[in-house]
Amino acid sequence: MVAGQLRIAMLSAHSCPVGTLGAKDTGGMSVYIRELAGELGKQGHSVDVYTRVHDPKDPQIVTLGQNARLIHLSAGDEEINKLDVYNYLPDFISNLESFRQNNNLQYDLIFSHYWMSGWVGQRLQQYWGVPHIIKFHTLGAIKNTFDIGEREPELRIETERELVRNCQRIIASTGQERQELLRHYGAATERVSIIPCGVNLERFQPVDKKTARQQLGLPDDKVILFVGRIEPLKGITRLIEAMPHLQNGHKPRLIIIGGDKNSHGEMERLQSLCHELRIADSVSFPGMIKQEKLPYYYSAADTCVVPSYYESFGLVALESLACGTPVVATDVGDLKHIIRQGETGYVVTDNNPHHLADKIALVLSKPSADNGNTLSIRASVSQFSWSNIAETIIRECHVVLADYFATVT
Ligand code: UDP
């Protein structure tokens, strides 16, 4: 039985937590792993995050902060597509086990992220005899219900079902995710704990709007912001379609941040939609922006819009609110509990362009947030600091460990 500080093996086999954010497969989950590992390390736990090598120039070990490191293991060619990683998971396990033995490492528990790492975690759980906690981030069966973008393979959904049956605990980000796990995967209620995601409140701070716009070379128009991976489930098409309904009087500017070479097709589709709707001159696509610079964009914007069909949580909304900028979002993730209707933004029932445009227009019609307003929007998300989230996760880990050793001894 373990008391106090924990030694945690985190698994992120398919996606590198220090990869470039906003690329096709690198977004909220990577942020979650980086931030949580860093914070747990700060709180005195020791965390090794295992991922596969994505670039031959990757050093084997990257420090993520005090007591927290990332370990690259080779498993398949660097450039293989996401689903093919599955075929190399046995190599990933054997390289992980060699690294662990060569370095004399022991872990108290395994915390895996996404179904592929869950597959790895389940096997390591059996070898090591320690509990396995999983966070799915997104669920294949739920993604498929939207019938938008690529369909998730049966292999994913079957693997998720098996993991739900065999792991010791599932961390869901929201009550809705827990319901989905119960309804679509037959999860046992007591095995699913709800712990929200966090936001880095030091990084995401309000910047004076005028200064932020000057820094970014933006004119004094109304600014609408989208931040995220460029993929159909994010609903960007619907946001672009909302724009012509907002063009009476001043033309607002729309900035769509995110997307790498692998999102090229989707980006071109969105750009030609802007031309078709004759709004191309008021929409810009600056590509991926480093998180360090995002507070300037959030602060320069009058509103950040999250028009997604599906989000497991919606980190971008938290980041915008932490910078004091109101959010207009669809009813995804936990946003209906996070956004205070009419106060810190609006949650719309769906991403119908008219519904989005109505609420965006309402936010734009208000004078730009004054300092007091900005601070009260920020205060509405202060409980989501990573230190709070990390403490909650550790309390849960101790409960899981106590249950586990009570049943195996
Ligand atoms: N992000 C970024 N630069 C970009 C695009 C996105 O740093 O160009 C980050 C953003 O700050 C957020 C994450 O990627 O932390 C996206 O998380 P979210 O939960 O909104 O979406 P997901 O990727 O999980 O679908």
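A short reminder: the numbers here are calculations on the coordinates, not readings from a lab. Not measured: the values here are computed from a predicted model. In this analysis, Cβ positions are derived from the backbone assuming ideal geometry, glycine residues included, and neighbour counts consider all displayed protein chains.
Could you tell me whether region 296-362 comes out rounded, prolate or oblate from its Cα gyration tensor? Rule is a ≥ b ≥ c as square roots of the eigenvalues, rounded for a/c under 1.5, then prolate if a/b exceeds b/c, otherwise oblate. Since a/c reaches 1.5 but b/c is at least a/b, the shape of region 296-362 is classed as oblate. Of the peptides 276-282, 331-337, the order by per-residue mean of other Cβ atoms within 10 Å, starting with the highest, comes out as 331-337, 276-282. The spacing between region 24-39 and region 205-221, judged by their C-alpha centroids, is 27 Å. Fewest-first ordering of 365, 299 by other beta carbons within 10 Å of each residue's beta carbon gives 365, 299.
Taken over the Cα atoms of the chain, the convex hull encloses 134 Å³ per residue. Close amide H pairs (under 5 Å, H built 1.01 Å from N) link residue 136 with 114, 171, residues at least 5 positions away or on another chain.
Taking amide H as placed 1.01 Å from N in the peptide plane, residue 289 has its amide H under 5 Å from the amide H of 258, each at least 5 places away in sequence or on another chain.
Estimated purely from DSSP H runs of n ≥ 4, each contributing -39500 (n - 2.57), the mean residue ellipticity at 222 nm for the chain is -12500 deg cm²/dmol once divided by its residues.
Taken about its Cα centre, region 70-182 carries a charge dipole of roughly 500 debye when the Cβ of each Lys and Arg holds +1 and the Cβ of each Asp and Glu holds -1.
May I ask for the distance between the Cα centers of region 223-238 and region 125-150, given as a whole number of Å? Centre-to-centre distance over Cα atoms comes out at 24 Å. Cβ crowding within 10 Å ranks 26, 407 as 407, 26, fewest other Cβ atoms first.
Residues whose amide H comes within less than 5 Å of that of residue 306, counting only those at least five positions distant or on another chain, are 328, 329, 330 (H built at 1.01 Å from N in the peptide plane). The slack between residue 179 and residue 66, meaning 0.36 nm per residue of separation minus the straight C-alpha distance, is 37.1 nm. Residue-wise HN-Hα couplings along region 301-306, as the Karplus relation 6.51 cos²θ - 1.76 cosθ + 1.60 with θ = phi - 60° gives them from phi, are 7, 7, 7, 10, 10, 10 Hz; Gly and Pro carry x.
Sorting 51-60, 64-73 by their mean Cβ neighbour count within 10 Å, with the most densely packed peptide first, gives 64-73, 51-60. Simple rule: put +1 on each Lys or Arg Cβ and -1 on each Asp or Glu Cβ in region 243-368, find the dipole, and look at 354, 294, 263; the Cα lying farthest toward the positive end is 294. Between residue 166 and residue 362, what is the spin-label point distance in nm, taking each point 7 Å from the Cα along the Cα→C-beta axis? For the pair residue 166/residue 362, the computed spacing is 4.8 nm.
When each of the peptides 229-241, 317-329 is scored by the mean number of other C-beta atoms lying within 10 Å of its residues, the order from highest to lowest reads 317-329, 229-241.
Run through the DSSP bridge list for the chain and note the antiparallel percent, rounded to the nearest 5.
Looking only at bridges with both residues in the chain, the antiparallel portion is about 10 percent.
Scanning the chain for DSSP H helices at least 27 Å long along the axis (C-alpha atoms) with a Kyte-Doolittle mean no lower than 0.0 picks out 386-408.
Length gained on full extension, residue 382 to residue 337: 14.8 nm, using 0.36 nm per residue less the C-alpha separation. Using a/c under 1.5 as the rounded threshold, could you call region 1-111 rounded, prolate or oblate? The axes a ≥ b ≥ c are square roots of the C-alpha gyration tensor eigenvalues, and prolate needs a/b larger than b/c, oblate otherwise. Here region 1-111 falls in the oblate category. With the Cα gyration tensor of region 253-404 giving a ≥ b ≥ c as the square roots of its eigenvalues, does the rule (a/c under 1.5 for rounded; else a/b larger than b/c for prolate; else oblate) give rounded, prolate or oblate? Prolate shape, in that a/c is at least 1.5 and a/b is the bigger ratio. Beta-bridge orientation, region 55-146: approximately 50 percent antiparallel, per DSSP, counting only bridges with both partners inside.
Among 396, 292, the ranking by other beta carbons within 10 Å of each residue's beta carbon, starting with the fewest, stands as 292, 396. Between 34, 183, 213, the residue with the greatest mean-square fluctuation in the GNM of the chain (Cα pairs under 10 Å linked by springs) is 183.
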